[in-house]
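Read-outs: derived from the displayed coordinates by stated rules, not from any lab. Keep in mind it's a predicted model, so treat the numbers as computed, not measured. With ideal geometry, Cβ positions are generated from the backbone for all residues, glycine too; neighbour counts draw on all protein chains shown.
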């Protein structure tokens with residue numbers, strides 16, 4: 001049972017141990033000690049809810065002593081991206097503009113749901129300012145480092161979430177994914193990261209959640225943890241697939257701009273799943289363009305006043321992007337939304353013939369911090385957009401996508417994406433668990 | 001018709017009363033040029049009538 005106190009413990013293992021009598025307070029104290037020991041080097045957490053976490057753990061233990069059954073996430077410590085309200089802490093969204101904001105008066109709905117099932121929030125996690133970036137290099141809150149190699153980026157924008165989970169500080173974190181901000185850092189940090197079906201997760205209490213692209217999603221070190229966290233977040237417990245799933249590789253665009261590591265990861269996943277078929281993902285390049293335009297326009301929503309009056313306080317990495325995004329013509333946005341509706345219909349037709357697509361998550365392993373451009377397959381492009389090359393085409397879809405870490409002992413992490421029709425997260429978790437069982441997927445804690 | 005990102009930035013910023021500092025104008029225009037290229041790809045796609053908004 002003491003394994004539940006270690007960095008390797010998954011959420012499911014912790015909840016089982018707490019159900020069997022392990023004090024939640026001991027689990028939380030162990031997590032806080034790990035954070036104390038490693039966070040200075042990683043810069044994953046930007047705020048720790050120390051007293052709150054200890055108080056809730058004690059309350060959980062007292063309730064259990066009175067005979068109250070612990071929930072399915074009993075005693076599981078988790079962190080949330082710094083844009084998600086934690087009562088008692090300022091919600092910064094990684095911005096100097098909100099660094100001194102008054103503390104949130106209540107928890108975001110996602111925090112409330114997880115804690116209602118026994119999980120315990122221990123703090124806020126670093127991000128690119130307002131989620132605008134793919135490397136978690138933040139001028140106000142510092143750069144987050146990849147636990148597998150601290151000279152490298154964890155990816156972003158939910159980089160603090162991915163680093164905290166990969167390092168075993170917490171077994172579960174909640175990030176947000178617009179153009180890939182859960183799936184991309186999950187790949188670079190060697191963990192699982194789910195972008196759920198759009199619209200299924202209540203984003204009440206999330207700063208900047210008003211767009212039509214972004215959704216909250218869990219990051220964890222096992223498929224079962226992802227399934228459990230998603231079920232609680234969505235308040236929906238789906239049955240596993242009743243029959244064999246038809247799995248295929250996404251061809252064309254998804255087979256072109258990737259290096260040997262990414263190509264090998266996809267090939268191993270396909271082989272383990274017995275998939276030999278290749279299908280064409282419709283209009284992937286345009287889907288990426290449309291998602292990028294929609295997200296750009298929506299990212300500037302509500303920021304015009306701040307851009308006019310407090311521009312100097314924006315992160316230098318985002319300020320000129322937000323200025324540009326505020327200027328975009330409505331017709332660009334509206335045509336992108338029209339394309340998006342067409343694209344979702346095209347995917348619906350595609351999924352009549354196949355159940356799950358396998359595709360790269362990132363075109364390469366984590367680059368070194370500060371890398372301005374990447375050259376992949378003879379094409380050079382800025383690091384952020386290049387890292388999101390395979391997550392961005394899925395961003396405008398209604399469909400869930402799961403990054404699965406491919407086992408690569410002694411090498412830097414690399415994930416693959418599994419992509420399914422709306423509300424088929426259980427299919428993704430089922431296949432991810434199959435890959436774990438086959439030894440093709442694994443997420444060991446970074447040393 | 002040639003698209004001039006710098007001229008677009010000046011006109012659009014004036015239209016919404018958004019001051020663009022001189023030191024930021026070039027980077028903003030570069031961002032606009034990148035998004036313009038993406039927009040051209042989307043605008044060039046002929047959507048079938050049933051997809052009309």
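Is the protein assembly as shown best put as rounded, prolate or oblate by its Cα gyration tensor, with a ≥ b ≥ c the root eigenvalues, rounded for a/c under 1.5, and otherwise prolate when a/b is larger than b/c, oblate when not? Judged from the Cα gyration tensor, the protein assembly as shown comes out oblate (a/c at least 1.5, b/c at or above a/b).
The modelled label-to-label distance for the pair residue A:344/residue A:304, using points 7 Å beyond Cα in the direction of Cβ, is 2.6 nm.
What shape does the range A:61-109 have by the C-alpha gyration tensor, where a ≥ b ≥ c are the square roots of the eigenvalues, rounded means a/c under 1.5, and otherwise prolate means a/b greater than b/c and oblate the rest?
Numbers: a/c = 4.15, a/b = 2.71, b/c = 1.53.
Taking the square roots of the gyration eigenvalues as a ≥ b ≥ c, the range A:61-109 is prolate.
Need one number: % antiparallel among DSSP beta bridges in the protein assembly as shown, to the nearest 5. Expressed as a percentage, antiparallel bridges in the protein assembly as shown total about 70.
Between residue A:263 and residue A:149, what length comes free when the chain is fully extended (0.36 nm per residue of separation minus the Cα-Cα distance, one decimal in nm)?
Numbers: separation 114, 0.36 × 114 = 41.04 nm, distance 2.16 nm.
The span from residue A:263 to residue A:149 would gain 38.9 nm if fully extended.
Neighbour counts of C-beta atoms inside 10 Å place A:327, A:273 in the sequence A:273, A:327, starting with the fewest. Under the simplified labelling scheme, the residue A:243-residue A:20 pair shows an inter-label distance of 3.9 nm, with each label point 7 Å from Cα along Cα→Cβ. Once you reduce the range A:79-121 and the range A:372-424 to the center of their Cα atoms, the two points are 27 Å from each other.
Considering only A:408, A:183, A:105, the Gaussian network model of chain A with Cα springs below 10 Å gives its largest mean-square fluctuation to A:105. Entry for the range A:2-234 at q = 0.07, 0.12, 0.14, 0.18 Å⁻¹: log10 I(q)/I(0) = -0.18, -0.55, -0.76, -1.30, Debye formula applied to identical alpha-carbon scatterers, no solvent contribution.
When chain A is treated as a Gaussian network with alpha carbon springs shorter than 10 Å, the biggest mean-square fluctuation among A:293, A:402, A:188 belongs to A:293.
What full-extension length gain, to one decimal in nm, is calculated for residue A:438 and residue A:36 as 0.36 nm per residue of separation minus the Cα-Cα distance? Please report the intermediate quantities before stating the final value.
Details: separation 402, 0.36 × 402 = 144.72 nm, distance 3.52 nm.
Answer, rounded to one decimal: 141.2 nm.
With the Cα gyration tensor of the range A:230-322 giving a ≥ b ≥ c as the square roots of its eigenvalues, does the rule (a/c under 1.5 for rounded; else a/b larger than b/c for prolate; else oblate) give rounded, prolate or oblate? Don't skip to the end; give the middle numbers.
On the way: a/c = 2.85, a/b = 1.80, b/c = 1.59.
Here the range A:230-322 falls in the prolate category.
Between A:102, A:421, A:171, the Gaussian network model of chain A with springs among Cα atoms under 10 angstrom shows the greatest mean-square fluctuation at A:102. At R0 = 25 Å, how high is the FRET efficiency between residue A:353 and residue B:41 if r is their beta carbon distance? Nearest 0.05 is fine. According to the calculation, E is roughly 0.40.
Treating each Cα of the range A:247-422 as an identical point scatterer and ignoring solvent, apply the Debye formula and state log10 I(q)/I(0) at q = 0.14, 0.17 Å⁻¹. Here the Debye-derived log intensity ratios amount to -0.84, -1.11.
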